[in-house]
Amino acid sequence: MTDVLVVLCTCPDIATARKLASGLLERGLTACVNILPEIRSIYRWRDEIQDDSEALMVIKTTRLAYTELEAWLLEHHPYEVPEVLALPVQAGSAGYLSWVLNEIEMR
């Protein structure tokens, strides 16, 4: 187990994802955000099946930064209930994991 987390967060479009990613980077809450520009999300919302095109942010952060990252996303995200899921990184290349930790710790 490492101190690095991968956080998944869907957005209504790529422009929103870019704006949120920039805000997280400016605040030092992530080392990197990958944006997958078009995913299809099919889900139930308020007893209706939804079928939407979305963008997915794959956010690299740390356990220590997660609480602040989540709070910032919830405050700035346009969705009423945004997806914010933190997944633990079990293992990874030492150099990359070290880079993520250093990027966030030095902010």
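Positive contributions from Lys and Arg (+1) and negative ones from Asp and Glu (-1), summed over other residues with Cβ under 14 Å from the Cβ of A15, come out at -1.
Taking other residues whose beta carbon is less than 15 angstrom from the beta carbon of V89, and scoring Lys, Arg as +1 and Asp, Glu as -1, yields 0. For the chain, the longest principal axis of the Cα atoms and the long axis of helix 14-26 meet at an angle of about 30 degrees. Cβ-Cβ distance of S98 and Y43, R₀ of 41 Å, FRET efficiency by 1/(1 + (r/R0)^6): the value works out to about 0.65.
For V6 and E105, the difference between the fully extended length at 0.36 nm per residue and the C-alpha to C-alpha distance is 34.0 nm.
The C-alpha atoms of the chain define a longest principal axis, and helix 94-105 lies at about 80 degrees to it. Computed over the stretch 57-107, the convex hull of the alpha-carbon atoms projects to a mean area of 4.0 nm².
Other residues whose C-beta falls under 15 angstrom from the C-beta of P78 contribute a net charge of -4, scoring Lys and Arg +1 and Asp and Glu -1.
A DSSP coil position with no more than 10 other Cβ atoms inside 10 Å describes the following GluC sites (Glu not before Pro) in the stretch 55-91: E80.
For the chain, the equivalent ellipsoid built from the Cα gyration tensor has semi-axes of 26, 14, 12 Å, listed from largest to smallest.
Dividing the summed helix terms, -39500 (n - 2.57) for each DSSP H run of n ≥ 4, by the number of residues in the chain produces a 222 nm estimate of -11500 deg cm²/dmol to the nearest 500. Once the chain from Q90 to R18 is taken as fully extended at 0.36 nm per residue, the excess over their C-alpha distance is 23.2 nm.
Read the figures in this text as sums done on the coordinates, not as results from a lab. For clarity, every value in this text was computed on a predicted model and none was experimentally measured. Reconstructed Cβ throughout: ideal geometry from the backbone, glycine too, with neighbour counts over all protein chains shown.
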